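Undergrad: My structure is below; once you've seen it, I'll send some questions.
The values are calculated or read from the model by the stated rules, or taken from the named source; none is laboratory data. Just so it is clear, the structure is predicted and the values come from calculations on it, not from any experiment. All Cβ positions, even for glycine, are placed from backbone atoms using ideal geometry, and neighbour counts span all protein chains on display. Note: accessible area is taken over every heavy atom of the protein model, side chains too, but ligands, DNA and RNA are not part of it. Shrake-Rupley method; radii C 1.70, N 1.55, O 1.52, S 1.80 Å.
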Amino acid sequence: MNVNENLEQQKAAASRGDIAAKTTLGKRMIAERASRKSFEEGQMFLKQALEAGSGEAAEFFAVLHAVGINGQQDWTQALDYLTQAALLGWKPAAQQIAIFADKMDEDGTWNVRQADVAALRKQIDINALLRLPERQILCEAPRIRKVEDFLSHRFCDWMIARARPTLARARTYDETVADGKESESRTNSSVSFSLLELDLVLLLIQTRISMIVGLPIFVMENSSVLHYHAGQQFHEHYDYLDPSKPAHAEDIRRFGQRLITFLIYLNEDFEGAETSFPKIDQKFRCKKGGALLFANVDVEDQPDPNTLHAGLPPTRGEKWLFSQWIRSGPSPENS
Ligand SMILES: O=C(O)CCC(=O)C(=O)O
């Protein structure tokens, strides 16, 4: 079935009052942002779905408020919609409420009783969740920084749990293919999260990153989680786009340079697997929740060849990493 046929079927189902179809269609039309009209139509479908009791629709409204789709991020509204989603029985929303409120169940999960949701919402202190630790300077040329305890362990565990079911062979940048290509230079797996796959935990992580680097979230590419089994690796490469290559130059013109690479170590029970910088003969790794970030450009905003780096293979255990590439202009996903 082609995409348009599918769209027509969804529209037909939505017009018959199918709540699931209204939710899917609303999310899809908003995410595609094909035109102002279809965006508004998408919002209308989503509102109708919410009024009919769709927790998934409520969660998507939460995401839109945390993204700042109407101009400004609004965490209070976002958390209120998330609470509504949880009260409508949408399990991922209830689990996120538990994570934000730091309330793990006795069995080590984030499954909360619906009766506890409203009380947990009251315990969430968004200002505390957005407070940032100090960053340490690891190197000045290239500019490499480390932030210990950047992310609480429960957020790391959530991201691993979200990534695990959909891991696929990681791809490398290739200007001729939209999603890049498989290559022997990158043997690990990864998952990337588009607008339709965002949740408030991921948006909280992006917001913390945006605060620490001083750039808005709309310059961020889709966030990814990377996974390495023992022996898998991401060979030496640059993250910046090379302005001397015409396709890269066009990419820079449209969306800006990849200024910063921001990596969060989501676990620590492995050996080896450092992020290595061969040109400066250094390698670094973080404890669980620690972040390693580096500017891919020098102080004059020119690509910095000293940022050549690699994800070394684990010699024991598996490595999980959150990876965020940050542009100098609205990223391809946000343009
Ligand atoms: O796995 C690592 O430590 C490095 C990841 C990396 O090179 C990248 O995301 O560009």
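Undergrad: Can you tell me which residue among Val225, Val219, Val201 is of a type in the set (Val, Ile, Thr) and either open to solvent by 20 Å² or more (accessible area, probe 1.4 Å) or within 16 Å of the ligand (Cβ to nearest atom) (or both)?
TA: Just a single option satisfies the conditions, and that option is Val225.
Undergrad: For region 68-89, does any single residue satisfy the condition of being more than 27 Å from Ser210 (Cβ to Cβ), outside the structural domain of Asp199 (by TED's automatic domain parsing) and of a type outside the set (Gly, Ala, Ser)?
TA: The answer is yes, given that some residue of region 68-89 is more than 27 Å from Ser210 (Cβ to Cβ), outside the structural domain of Asp199 (by TED's automatic domain parsing) and of a type outside the set (Gly, Ala, Ser).
Undergrad: Thr275 versus (1) within 14 Å of the ligand (Cβ to nearest atom); (2) closer than 16 Å to Asp242 by Cα; (3) of a type in the set (Ser, Thr, Tyr): which is the lone unmet condition?
TA: (2)
Undergrad: Could I ask something else about it? May I ask you to list the residues in region 168-184 that are away from the ligand (no atom under 11 Å from the Cβ) and at pLDDT 80 or above?
TA: Ala168, Arg169, Arg171
Undergrad: Find the helices (runs of 4 or more DSSP H) located wholly in region 1-81 whose residues include 2 or more that are touching a residue at least 60 places away in the same chain (Cβ under 8 Å), open to solvent by 80 Å² or more (accessible area, probe 1.4 Å) and in contact with a helix residue (DSSP H, G or I) (Cβ under 9 Å, 6 or more places away or on another chain), and list them.
TA: Once the helices (runs of 4 or more DSSP H) in region 1-81 are filtered for at least 2 residues that are touching a residue at least 60 places away in the same chain (Cβ under 8 Å), open to solvent by 80 Å² or more (accessible area, probe 1.4 Å) and in contact with a helix residue (DSSP H, G or I) (Cβ under 9 Å, 6 or more places away or on another chain), nothing remains.
Undergrad: Is it true that Phe255 is more than 16 Å from the ligand (Cβ to nearest atom) and under 19 Å from the mean Cα position of the chain (by Cα)?
TA: yes
Undergrad: Also, I was wondering about something else. Can you find even one residue in region 245-252 that is of a type in the set (Asp, Glu), modelled with pLDDT of 95 or more and open to solvent by 10 Å² or more (accessible area, probe 1.4 Å)?
TA: No, the conditions are met nowhere in region 245-252.
Undergrad: OK, next. I need the full set of residues from region 174-183 which are in contact (Cβ under 8 Å) with a residue 60 or more places away in the chain and either farther than 22 Å from Pro243 by Cα or surrounded by 15 or more Cβ atoms within 10 Å (Cβ to Cβ) (or both), in order please.
TA: none
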